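What follows is a short report on a single structure.
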Amino acid sequence: MFIPVSAQIEETSRHGTMKSVILRGGVLPDVTQVAVATLQESDVMEPHQHDTMYEIYYCLEGEATYHVAGEQHPVRPGDFLVVPPGAEHFQQVTKGPHKIFYWGIAV
């Protein structure tokens, strides 16, 4: 499978940030979405959870504190983070822009 950058779709996420959708759900088994999102310096996501999905992040640029199930994780470029199903989580950007490659895996 090859997906050129020209085929990726820019759109606003449910959380109000811009993302580039690389792959939508249904294309690969159990993958709900693959995307790159860019969060700005002052962005704070609302706490939320996904009861039936792992959410996986790889930091490309900037820094943020990820709050996952009551724990804080300072994330910077090269860091990898997995949020398990049912864990409440949110991000607070500390150095923007904060660019993340992320995907979801359904359980």
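Can you name every residue in segment 47-103 that is in contact (Cβ under 8 Å) with a residue 40 or more places away in the chain and of a type in the set (S, T, N, Q)? If the condition is that a residue be in contact (Cβ under 8 Å) with a residue 40 or more places away in the chain and of a type in the set (S, T, N, Q), then Q49, T52, Q91, Q92 are the ones that fit.
Whether any residue in segment 26-38 is touching a Pro at 6+ places or on another chain (Cβ under 7 Å), of a type outside the set (D, E) and surrounded by 11 or more Cβ atoms within 10 Å (Cβ to Cβ) is what I want to check. There is at least one residue in segment 26-38 that is touching a Pro at 6+ places or on another chain (Cβ under 7 Å), of a type outside the set (D, E) and surrounded by 11 or more Cβ atoms within 10 Å (Cβ to Cβ).
Within segment 53-71, does at least one residue satisfy the condition of being more than 23 Å from A106 (Cα to Cα), in contact with a strand residue (DSSP E or B) (Cβ under 7 Å, 6 or more places away or on another chain) and among the small types (G, A, S)? Yes, the conditions are met somewhere in segment 53-71.
When T32, T17, T52, T38 are checked against the criterion of being hydroxyl-bearing (S, T, Y) and over 13 Å from the mean Cα position of the chain (by Cα), T52 stands alone in meeting it. Touching a Ser or Thr at 6+ places or on another chain (Cβ under 8 Å) and of a type in the set (V, I, T): is that true of V68 in this structure? Against the criterion (touching a Ser or Thr at 6+ places or on another chain (Cβ under 8 Å) and of a type in the set (V, I, T)), V68 does not qualify.
All of the numbers you see were taken from the coordinates with simple rules; none came from a lab. Predicted model only: the values in this text are computed from it and were never measured. Ideal geometry is used to build each Cβ from the backbone, glycine not excepted, and the neighbour counts take in all protein chains shown.
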